[in-house]
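All remarks here apply to the structure that follows.
Coordinate-derived values only; no laboratory data. Just so we're clear, the structure is a prediction, and the values are computed from it rather than from any experiment. Positions of Cβ are generated from backbone atoms using ideal geometry, with glycine treated the same way; all protein chains shown enter the neighbour counts.
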Amino acid sequence: MKIQEIFDLAIKMGVDSDFRGREGVQKVLDRKRKKYEEMSEKDKAEFDIEKLENPYLDTRIYNISEDKEIKKVLVGIDIDTSELLLSKQIPDIDLVIAHHPVGKGLANLADDVELQADIYNYYGVPINIAEALTHVRMSEVARSVSVSNHQKTVDAARILGINFMNVHGPADNLAAKFLKDLIESHDLERVGDLLDLLKVIPEYREGISIGAGPRAVTGKAGNRCGKIAVTEVAGGTGTSPKLMAEISRAGIGTIVGMHVSEDHRKEAEAAHLNIVIAGHISSDSLGMNLFLDELEKAGIEVICSSGLNRVKRN
Ligand SMILES: [Fe+2]
């Protein structure tokens, strides 16, 4: 596979596991295209044309130094100059793949946050409420990533002549769908039953061994779950804490996430909502592993770094 084919596979897998469904994703792209066509020439010149084709702007190809057949990749959760230099120490690495975005992918992280409105709506929060709170969150995320030195690692890849891309939104979608399907195929009564189910997943077992395993941040193991929603895995980054009260009102008893903030914990506690966090890097690993299984099936050798705990399935 060439780099573009690997990227296209990631996008396809992301769409296939998206809460919005393929049709919902296409609607978002169509809307962006319509807006683009109505823009002035001046605005068009500044518009990032990839927005018309790529529904996950936090997933990008950052550098192609040599567009060759990819046989061996170095993959990591966070890639910076140190991992790029590490890749030079390993023979025959053709491409480095990060999970977390850098460069343009990081600058556009807020775009992926829009999905959160659809996730909360899927679980019963009225779309006007989910959308209003998500739009506030999108502008917060856009401002928070604007402090970063976005191009630092991209520049290093270019100088070192290393092919470099990342897969963020699609991998998080894969992890969310995996967890949603698993949870929905079990009759879970108590929060402790949910935790036990998560602890069977190898990535989370590894999380336990390093002190970052699944746990309840609000509610106790003995609490009844009620309806369970996987709300805090896909969607770029943390949601609006105000959604905790809204999802509780919508009839959800327990939410599952990778990680949540202290503000989420306080809001959830006030709303009598149980929050189970599965673990951040272990959830990132789960999503990346589901993608990497397909790369390995295509004959690509995968070397792991930067917190990625490789678990192969089928
Ligand atoms: Fe992450």
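Of the GluC sites (Glu not before Pro) found in region 138-242, the ones in coil according to DSSP and having at most 15 other Cβ atoms within 10 Å of their Cβ are E189.
For K32, the aspartates and glutamates whose Cα comes closer than 15 Å to its Cα, not counting residues fewer than 8 places off in the same chain, are E23, D43, E46, D48, E50, E53, D111, D112, E114. Computed over the chain with a Gaussian network model linking Cα atoms closer than 10 Å, the most mobile of K242, K297, K199 is K297. Does region 36-181 come out rounded, prolate or oblate, given a ≥ b ≥ c as the square roots of the eigenvalues of its C-alpha gyration tensor, rounded meaning a/c under 1.5 and, failing that, prolate meaning a/b above b/c? Prolate, because a/c is 1.5 or more and a/b exceeds b/c. The phi torsions of region 64-76, fed into the Karplus equation with coefficients 6.51, -1.76 and 1.60 and a -60° offset, translate into couplings of 10, 8, 9, 7, 10, 5, 8, 10, 9, 10, 9, 10, x Hz, rounded to whole numbers, with Gly and Pro shown as x. With r defined as the distance between the Cβ atoms of D155 and Q89 and R0 fixed at 22 Å, what FRET efficiency is calculated, to the nearest 0.05? Result of the calculation: an efficiency of 0.65.
Mean-square fluctuations from a GNM of the chain, with a 10 angstrom spring cutoff on Cα atoms, peak among M244, M288, M13 at M13. For V260, no residue has an amide H sitting under 5 Å from its own, ignoring neighbours fewer than 5 places away on the same chain, with H placed 1.01 Å from N. For region 51-63, putting each phi into the Karplus relation 6.51 cos²θ - 1.76 cosθ + 1.60 with θ = phi - 60° gives couplings of 4, 7, 10, 9, x, 10, 6, 8, 10, 8, 9, 9, 8 Hz, in residue order, rounded to whole numbers and with x for Gly and Pro. Across the alpha-carbon set of the chain, the Rg to Rh ratio works out to 0.97, Rh being the Kirkwood radius. Backbone amide hydrogens, once placed in the peptide plane, bring T218 within less than 5 Å of I275, excluding anything fewer than 5 places away on its chain. Which of the lysines could be linked to K177 by a straight reach, that is with a Cα gap under 21 Å, when you skip same-chain ones fewer than 8 residues away? The reachable lysines, counting only those whose Cα sits under 21 Å from K177, are K12, K27, K199, K227, K297, K312.
Computed over all pairs of different Cα atoms, the Kirkwood value for the hydrodynamic radius of region 149-216 is 15.0 Å. In summary, the aspartates and glutamates within cross-link reach of K152, defined as a Cα separation below 17 angstrom excluding same-chain residues under 8 places away, comprise D58, D78, D80, E83. GNM remark for the chain: springs join alpha carbons under 10 Å apart, and the peak mean-square fluctuation among K220, K71, K34 falls on K34. From helices alone, the chain scores -15000 deg cm²/dmol at 222 nm; the rule is -39500 (n - 2.57) for each run of n ≥ 4 DSSP H residues, then divide by the residue total.
If both residues of a DSSP beta bridge must be in region 182-277, then about 30% of such bridges are antiparallel. Annotated for region 41-128: lysine pairs at least 8 residues apart or interchain, Cα distance under 27 Å, count 12.
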